[in-house]
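The values are calculated or read from the model by the stated rules, or taken from the named source; none is laboratory data. These numbers were taken from a predicted model, which means no experiment stands behind them. Glycine gets a Cβ as well: all are built from the backbone with ideal geometry, and neighbour counts include every protein chain shown. We work out accessible area using only protein heavy atoms, side chains counted, and drop any ligands, DNA or RNA first. Shrake-Rupley method; radii C 1.70, N 1.55, O 1.52, S 1.80 Å.
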Amino acid sequence: LNPGTVTPVPFPAPINTNMQEDNPHLERISASNLILLFDNHYETGGSGDTHITYSISNDNGTSWSTPTIIATGTINDYTEDLSGHLYMDSANNWWLYFVSSRDGQVEIWRIQHSNNNIIDDFDNWNTTSIEKVIATGSVTGNIGTIEGVGEPSLTTNGDLHFVVVYCKNQSEQTAFDGCDIDPWIATKI
């Protein structure tokens, strides 16, 4: 609904802390169940790691569970796993799309939930289903490189929206024109 004249307020504790919460994604699962995914920067006392964290509300957002870092043996096993986005496909399977530097580059990955009971069993992700969705590479014509892709979000139709960071080759860069960040879309076929 359009908030109209409602004054925005931060999420209540325990969501907002004195740490850095970033890149929120709110998913309505049912009439009263919500899942909030967000990046938790420096949750380990300033280590510099960023991990995907979730909190669940069973009362339409009035109260929230204590934020929990997803721990599956696959997700958040790396210094940078972030920008989580939930998506239900046409077969009613839940997927978590996220950004990871697990291969040395910032790229978009996805993993399927094991049993689709994400309210009561959120951490149960099928570790054999993990796959890279969007990778980095060269820009057409060899004029530069794609340095990273990120911030995935999907429409209900399955179109993937994301950002691309691409840079010209060093010899082509100027003081004011070297790298660019643009939104892209990969439409579902």
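Return the equivalent ellipsoid semi-axes of the stretch 121-169 as a descending list in whole Å, where each equals the square root of 5 times an eigenvalue of the C-alpha gyration tensor.
Over the Cα atoms of the stretch 121-169, the ellipsoid semi-axes are 29, 14, 9 Å.
What distance in nm separates the simple spin-label points at residue 120 and residue 187, each placed 7 Å from Cα in the Cβ direction?
Those two pseudo-labels are separated by 4.1 nm.
Per residue, how large is the accessible surface of the chain? Use a 1.4 angstrom probe and give square angstrom.
For the chain, the solvent-accessible area averages 55 Å² per residue.
What residues have an amide H closer than 5 Å to that of residue 23, excluding those fewer than 5 places away on the same chain, when H is modeled at 1.01 Å from N in the peptide plane?
Close amide H contacts, sequence-distant or interchain: 39.
Taking R0 as 25 Å, what's the FRET efficiency between residue 132 and residue 174 from their Cβ-Cβ distance, rounded to 0.05?
FRET efficiency, residue 132 to residue 174: 0.15.
Take the Cα atoms of the stretch 106-189, find their three principal axes, and give me the spread along each one in whole Å, biggest first.
53, 24, 22
Restricting attention to the alpha-carbon atoms of the chain, what are Rg (one decimal) and Dmax (integer), both in Å?
18.0, 56
What nm distance separates the two modelled labels at residue 5 and residue 159, each placed 7 Å from Cα along Cα→Cβ?
3.5
Any idea what the alpha-carbon Rg over 2.2 N^0.38 Å comes to for the stretch 81-144?
The reported ratio for this selection is 1.33.
For the chain, modelled as a GNM with alpha-carbon contacts under 10 angstrom, which of 146, 56, 108 fluctuates the most?
Maximum fluctuation in the GNM of the chain, among the listed residues, is at 146.
Can you send over the carbon and sulfur percentage of the accessible area for the chain, probe radius 1.4 Å, protein chains only?
Looking at the chain in its full context, I get 51 percent from C and S.
Only Lys, Arg, Asp and Glu count, each charged at its Cβ (+1, +1, -1, -1), so figure out the dipole size of the chain about its Cα centre, rounded to 20 debye.
So the dipole magnitude of the chain works out to roughly 340 debye.
Mean shadow of the stretch 50-162, computed from the convex hull of its alpha carbons, in nm²?
Averaged projected hull area, Cα only: 8.3 nm².
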